[in-house]
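Asker: Quick one: this structure, given as structure tokens, is what I'll be asking you about.
The values are calculated or read from the model by the stated rules, or taken from the named source; none is laboratory data. These figures come from a predicted structure and were not determined experimentally. Glycine gets a Cβ as well: all are built from the backbone with ideal geometry, and neighbour counts include every protein chain shown.
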């Protein structure tokens, strides 16, 4: 049965045996998407990357946390993971609800 790595990767190059002081080297594997060359996208900033993610994956989960169990006054017990979508992350950024409450909403 093939592993997930075998389904999603391709070998580039060959295994090289050790020779003298030079150690052996295993094959290099890449994503099957980049078999011939790495794909290019029009991204030059982190903001561009986030914007592209919102366009492509708006409804997908991207940020998760485990809220404290309200029944545990010590706050040490955590509940199940709760995820926010990529779109939810964009809305949170627009509203200025960052990690520290965000005094001002970010542009975009």
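Asker: For region 20-59, how many residues meet the condition of being in contact with a helix residue (DSSP H, G or I) (Cβ under 8 Å, 6 or more places away or on another chain) and either surrounded by 12 or more Cβ atoms within 10 Å (Cβ to Cβ) or over 30 Å from residue 87 (Cα atoms) (or both)?
Answerer: Counting residues in region 20-59 that are in contact with a helix residue (DSSP H, G or I) (Cβ under 8 Å, 6 or more places away or on another chain) and either surrounded by 12 or more Cβ atoms within 10 Å (Cβ to Cβ) or over 30 Å from residue 87 (Cα atoms) (or both) gives 7.
Asker: What tally of residues in region 39-76 results from selecting those that are in contact with a strand residue (DSSP E or B) (Cβ under 8 Å, 6 or more places away or on another chain) and within 30 Å of residue 14 (Cα to Cα)?
Answerer: 0
Asker: Take region 26-64 and flag every residue that is modelled with pLDDT of 90 or more and part of a strand (DSSP E or B).
Answerer: Within region 26-64, 61, 64 meet the criteria.
Asker: While we're looking at this one, here's another question. Taking region 81-96 on its own, how many of its residues are modelled with pLDDT of 90 or more and not in a helix (DSSP H, G or I)?
Answerer: Summing the residues that are modelled with pLDDT of 90 or more and not in a helix (DSSP H, G or I) in region 81-96 gives 5.
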